[in-house]
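Let me begin by presenting the structure, written as structure tokens, before commenting on it.
The values are calculated or read from the model by the stated rules, or taken from the named source; none is laboratory data. Just so it is clear, the structure is predicted and the values come from calculations on it, not from any experiment. Neighbour counts run over all protein chains shown; Cβ positions are idealised from the backbone, glycine included. Calculation scope for accessible area: heavy atoms of the full protein, side chains included, ligands and nucleic acids excluded. Shrake-Rupley method; radii C 1.70, N 1.55, O 1.52, S 1.80 Å.
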Amino acid sequence: YTILAADYSQIELRIMAHLSGDERLLQAFENGEDIHQATASEVFGVPLDDVTLDQRRSSKAINFGLMYGMSAWGLARQLETDRTTAGEYIDTYFARYPGVRNFMDYTRKQARKQGFVETIAGRRLWLAEINSRNRQRQQAAERAAINAPLQGTAADIIKRAMIDVDAWIQKQNVPANLVMQVHDELVLEVKKDALEEVRDGVVERMSKAGELDVELLVEAGDGKDWDSAH
């Protein structure tokens, strides 16, 4: 037996592209671009091929930071820069990806109005403090309102994938066992002579576990243990 680890590539950013409908973000995924490199090109105003490793690293912090409601202060700390520079990065990001800002503004507004947000599948997160008079609690609820549809939808998709993969294994007597889920990754124990068959079957089922406007890309590696399967 060997270990197979199948991982969704940048699933939350893909869900953001779907939910926001941002044309530039959708185009980047459709073209198969490195999304962090594409963001660095937009934010730092350099051609795609001229993006440095440091710029890509910074854009990764921006991509994920904004998704989790990070402020300019928080981004400044993470990038080890000043608040003004971090604020300029955020402003440039939203100027290049206006659909993302519109999605965030609309989500906060809807959350305040109805008291909850939903995943694409309709699972709800209730936000008791979205209209709190305590500004800190209200801001925390607003961050959750933006993040929950992204992480929640990713959770829905991986759970659907788990069900589909397990049903396939049981029904077809596939020589593999579903061992565990780690975030957006499924880990299986697979008989070595069936590795490629199982890899193809798992990737196919994971790719079809959610319907988005962008492709659900799955990367699968194998090895003697979980570490070496990456």
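Here are some notes:
- Across the chain, the mean sequence separation of Cα contacts (distance under 8 Å, 6 or more residues apart), normalised by length, yields a relative contact order of 33 percent.
- Point-to-point label distance, Phe64-Lys159, nm (Cα→Cβ direction, 7 Å offset): 2.4 nm
- Cross-link partners of Lys191 among lysines (Cα-Cα below 25 Å; sequence separation of 8 or more within a chain): Lys159, Lys171, Lys208, Lys224
- Carbon plus sulfur fraction of accessible area for the chain, probe 1.4 Å, in percent: 45 percent
- Cα gyration tensor, the stretch 2-41 - rounded (a/c under 1.5), prolate or oblate: prolate
- Most mobile listed residue (Thr107, Thr119, Thr84) in the chain, GNM with C-alpha springs under 10 Å: Thr84
- Thr85-Lys171 FRET efficiency (beta carbon distance; Förster radius 41 Å; 0.05 resolution): 0.15
- Each Cα pair under 8 Å and six or more residues apart adds its separation to the average, and for the stretch 68-172 the resulting relative contact order is 21 percent.
- Hull shadow area, averaged, the chain [alpha-carbon convex hull, nm²]: 14.0 nm²
- Per residue value of the accessible surface for the chain (all protein chains in place, 1.4 Å probe), Å²: 54 Å²
- Centroid-to-centroid separation of the stretch 1-30 and the stretch 210-230 [C-alpha atoms, Å]: 11 Å
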